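Input: a single structure, listed below in structure tokens.
The values are calculated or read from the model by the stated rules, or taken from the named source; none is laboratory data. Quick caveat, the model's predicted, so the values are computed rather than measured. Note that each Cβ is placed from the backbone with ideal geometry, even for glycine, and that neighbours are counted across all protein chains shown. Just the protein is used for accessible areas: all its heavy atoms, side chains included, with ligands, DNA and RNA removed. Shrake-Rupley method; radii C 1.70, N 1.55, O 1.52, S 1.80 Å.
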Amino acid sequence: MLSVIIPTLNEEKNLEILLPVIKKYCDEIVIVDDGSIDNTIEIAKKYNAKIICRTKNLGVGSAVVEGARAAAYNIVAIVDGDLSHPCEVLKASYLIENNLVDIVKFSRFISGGGMQNKLRWHLQGIYNRIINILAGTRVSDFTGGFLIAKKECFMYETTARHGEWIIEFLYYNRNKKICEIPYTYNTRKYGKSKFSGKKDIYRIIRYIYFIFYYHFKITLK
């Protein structure tokens with residue numbers, strides 16, 4: 001059985017579209033909200049989601065881990081609330097259910113994957129190749145947090161607050177069985193995107209810092 005974790009901040013319009021669709025592919029929806037001031041919580045209640053309300057923005061990283069640990073089921077998926085992640089690929093949870101892998105990592109950068117914004121796709125592809133060389137991993141989409149994993153994969157002492165959570169997660173689970181499945185990242189439908197070209201550059205600098213931070217913290221302890 002599958003629990004889906006959705007970190008949110010003012011996503012009412014997107015959730016009104018997302019939640020009725022995603023219910024077809026999971027057994028539980030967990031909304032971790034960082035102080036939305038729109039109707040996000042009301043929409044979540046409408047679709048019987050489990051709701052974790054946080055009174056201020058504590059960051060997507062801590063929301064992911066908190067939501068995963070609160071999940072009722074032993075397989076959890078992390079999905080963005082802005083309609084950028086296609087729900088149908090969650091059917092890949094059968095790979096974990098049958099104990100073939102521990103983690104299904106969805107990738108924009110293997111054959112069959114992509115992004116609607118082609119320029120950003122090319123730039124992020126370069127970022128991810130650099131990060132993979134530095135981190136010494138074989139995961140093609142190191143900066144994306146779209147995945148399914150066993151709940152036990154989140155049972156570590158986290159320090160991540162924001163997008164660096166995926167680096168921390170991959171380091172702690174570096175010895176797990178991981179497979180990658182392609183998907184196309186969609187452009188946000190409603191609301192203001194949290195990313196831009198300048199923000200992506202800043203983001204890659206932060207990620208490189210955290211690669212070294214978690215490398216020394218986790219792999220060398």
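Residue-wise HN-Hα couplings along the stretch 35-42, as the Karplus relation 6.51 cos²θ - 1.76 cosθ + 1.60 with θ = phi - 60° gives them from phi, are x, 4, 10, 9, 9, 3, 5, 5 Hz; Gly and Pro carry x. Just the protein heavy atoms count here, and of the accessible area of the chain at 1.4 Å, carbon and sulfur take up 56 percent. Summed over the residues of the chain and divided among them, the accessible surface reaches 48 Å² per residue at a probe radius of 1.4 Å.
Taking ILE37, ILE178, ILE96 in turn, the Gaussian network model of the chain (Cα-Cα springs below 10 Å) assigns the largest fluctuation to ILE37.
Placing unit charges on the Cβ atoms only, positive for Lys and Arg and negative for Asp and Glu, gives the chain a dipole magnitude near 580 debye about its Cα centre.
Once you list every other residue whose beta carbon is under 12 Å from the beta carbon of VAL4, what net charge do they have if Lys and Arg are +1 and Asp and Glu are -1? Overall, the nearby charge balance is 0.
Would you mind checking LYS13/LYS50; LYS24/LYS176; LYS24/LYS105; LYS91/LYS217; LYS24/LYS50; LYS13/LYS56 for any pair whose Cα atoms are more than 26 angstrom apart? Too far apart for the 26 Å limit: LYS24/LYS176; LYS91/LYS217. Note on the stretch 10-50 and the stretch 130-190: Cα centroid distance 23 Å, given to the nearest whole angstrom.
Projecting the Cα atoms of SER140, THR55, LEU2 onto the dipole axis of the chain, where Lys and Arg carry +1 and Asp and Glu carry -1 at the beta carbon, places SER140 farthest toward the positive end. By a 1.4 Å probe calculation restricted to protein chains, ASP200 has an accessible surface near 10 Å², given to the nearest 10.
Annotation: amide H-H contacts under 5 Å for VAL32 (H modelled 1.01 Å from N, sequence separation of 5 or more, or interchain): ILE6, THR8, ILE52. A cut-off under 12 angstrom between Cβ atoms defines the neighbours of GLU168, and their net charge, with Lys, Arg +1 and Asp, Glu -1, is +1. Evaluated with a Cβ-only charge set (Lys, Arg +1; Asp, Glu -1), the stretch 42-118 carries a dipole of roughly 200 debye about its Cα centre, given to the nearest 20. Take every Cα pair under 8 Å whose residues are at least 6 apart in sequence, average their separation, divide by the length of the chain, and the relative contact order is 24 percent.
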